[in-house]
Amino acid sequence: MPNKNEIPVEDFEEIDDDDFDPSDFGFIISADGELKSMMYPEELLEDPPEEIQLILKLFGIADINELVNKTIH
């Protein structure tokens, strides 16, 4: 895992589908800081990594399964 200071930041227009791996998680966060959308690998839905659980807790989501087929925003 890269150092927090080494995480690349890209403009949204520059993101290519090749930048994502099928095992990646992705978060869309509004300018107001609200979680609008999330992408996740199906195989990790039952047991997401601790780091993902911590991110979700920041948004008040205790269980990733609360998000399945629901609109977040």
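Can you tell which of Ile15, Ile7, Ile72, Ile61 is of a type in the set (Val, Ile, Thr) and modelled with pLDDT of 85 or more? Outline the logic, then answer.
Details: Ile15 fails: modelled with pLDDT of 85 or more; Ile7 fails: modelled with pLDDT of 85 or more; Ile72 fails: modelled with pLDDT of 85 or more.
Being of a type in the set (Val, Ile, Thr) and modelled with pLDDT of 85 or more holds for just one of Ile15, Ile7, Ile72, Ile61, which is Ile61.
Residues Gly33, Gly26: which one is surrounded by fewer than 10 Cβ atoms within 10 Å (Cβ to Cβ), at pLDDT 60 or above and small (Gly, Ala, Ser)? If you could, list the steps in order and put the result at the bottom.
On the way: Gly26 fails: surrounded by fewer than 10 Cβ atoms within 10 Å (Cβ to Cβ).
Step by step, each of Gly33, Gly26 is checked, and only Gly33 is surrounded by fewer than 10 Cβ atoms within 10 Å (Cβ to Cβ), at pLDDT 60 or above and small (Gly, Ala, Ser).
Could you grab me the full set of residues in the stretch 18-40 that are in a loop (DSSP other than H, G, I, E, B) and under 10 Å from the mean Cα position of the chain (by Cα)?
Step one: of the stretch 18-40, the residues in a loop (DSSP other than H, G, I, E, B) are 20-25, 30-34, 40.
Hits for the stretch 18-40 are Asp24, Phe25, Tyr40.
The values are calculated or read from the model by the stated rules, or taken from the named source; none is laboratory data. This is a predicted model, so every value here is computed, not measured. Neighbour counts are summed over all protein chains in view; Cβ atoms, including those assigned to glycine, are modelled from backbone coordinates with ideal geometry.
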